[in-house]
Amino acid sequence: MSSQNEPNPKKPTHTVYFVRNKEGIEKAEWIKTGVAWEHSDHEGLNLSMDCLGQKVSLTVRKNKPKPE
């Protein structure tokens, strides 16, 4: 059941990982730190992350060329 009060009622389209290299181990450790939803215009993402015990929301947008 979905509500209009939910910021992102759809399922996430991406998963966010922190990739940590360990000394002496060839393969990096991938730690799930959050999820992301692609914008309907495909120009960015909304991220919901858990960083050091804090919930963090971020928005990422594609860079657009500035007029000269």
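Just so you know, all these numbers are worked out from the coordinates, no wet-lab data involved. Predicted model only: the values in this text are computed from it and were never measured. Virtual Cβ from ideal backbone geometry, glycine too; neighbours counted across all protein chains shown.
Points to keep in mind about this one:
- Pairs with Cβ under 8 Å, 6+ apart, first in segment 39-55 and in contact (Cβ under 8 Å) with a residue 40 or more places away in the chain, second of a type in the set (S, T, N, Q) and assigned to a strand (DSSP E or B): 48/57
- Scan of segment 7-50 for residues that are more than 8 Å from the chain's Cα centre (by Cα) and β-branched (Val, Ile, Thr), ordered by number: 13, 19, 25, 31, 33
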